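Beneath this line is the structure, given in structure tokens, with notes to follow.
Each value in this text was obtained by applying a stated rule to the coordinates, not by laboratory testing. Every value quoted in this text rests on a predicted model; they were computed, and no experiment measured them. When we count neighbours, we look across all protein chains shown, and the Cβ atoms used for this are built from the backbone with ideal geometry, even at glycine.
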Amino acid sequence: MSIAREGWPFIGTLLVVGLALALFRLPWIAAPILLLGLFTAYFFRDPERTAPPDPRLVLSPADGKVILVVPAPADHSLGPGATQVSIFLSVFDVHINRAPIGGRVTRVQYHAGEFLPAWDDKASLRNEQNAVTVEDGGTAVEFKQIAGLIARRIVFKKREGDAVTAGERVGMIKFGSRVDVFLPASVKVRVQKGDRVRGGLSVLGERS
């Protein structure tokens, strides 16, 4: 199982501490720490995935459960008719984030903020977040990496002007989070509230 490099400092620390306690014959303390280290390795898993080849598809940038499919705020930059799809990532989901479409990163905007629970509707506006817009021809898709109650670290590895391919790894959010995706009116939404999605594989919408 491949593990994201961002996880190794956490995993290594827990395993070293757990092994040290075991050597000092403190198994009742060592055991839960070692188990936590193994779970942390599971959390930072980074599976290989092959995105569907159809360039019309808008893919989910994250694993998780769709908790909202609603009209985007009236003043959103994608214009009238845009749709917001919100995905909640529990600590059991893969937390690698992937590009929803191929194209070029045209905007990266980070906002410091609060750490409300990621399922709270206010989290989309008030929590720490990183908004990314990817454009391909005449289509722009925005996604927001939003920190949650536990998640306190957003990672984004691309810069404005960088080219990306659909489903390419672009970052992650550590320890439970939320991703909001904004689709323009030209994209037909293919998911509904309650659906489970997988980053780089599941289709959120289809361009006409």
(request) Note the angle between two axes, namely the Cα long axis of helix 8-23 and the longest principal axis of the Cα atoms of the chain, as a number of degrees from 0 to 90, rounded to the nearest 10. (result) 20
(request) Provide, for q = 0.13, 0.23 Å⁻¹, the log10 of I(q)/I(0) from a solvent-free Debye sum over equal Cα point scatterers in the stretch 1-62. (result) -0.48, -0.89
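So for each of 90-99, 35-44 I average, over its residues, the number of other beta carbons within 10 Å; can you give me the resulting order with the highest mean first? Write out the running numbers ahead of the final one.
On the way: 90-99: 21.9, 35-44: 17.1.
With the highest mean Cβ count within 10 Å placed first, the list reads 90-99, 35-44.
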(message) With angles folded into 0 to 90 degrees, how steeply does helix 27-43 sit against the dominant principal axis of the chain? Use alpha carbons for both and round to 10.
(response) 20
(request) Identify which of the listed values of Kirkwood radius over Cα pairs in Å was calculated from the structure shown: (i) 19.2; (ii) 17.1; (iii) 17.6. (result) (iii)
(message) Once you order the gyration tensor axes a ≥ b ≥ c over the Cα atoms, which shape class does the stretch 151-208 get: rounded for a/c under 1.5, otherwise prolate or oblate by comparing a/b with b/c?
(response) oblate
(request) With springs only between Cα atoms under 10 Å apart, run a GNM on the chain and tell me which of GLU160, GLU168, GLU128 wobbles the most. (result) GLU160
(message) If the reach is capped at under 20 angstrom between alpha carbons, list the lysines near LYS158, excluding any in the same chain fewer than eight residues apart.
(response) LYS144, LYS174
(request) Could you tell me whether the stretch 1-111 comes out rounded, prolate or oblate from its Cα gyration tensor? Rule is a ≥ b ≥ c as square roots of the eigenvalues, rounded for a/c under 1.5, then prolate if a/b exceeds b/c, otherwise oblate. (result) prolate
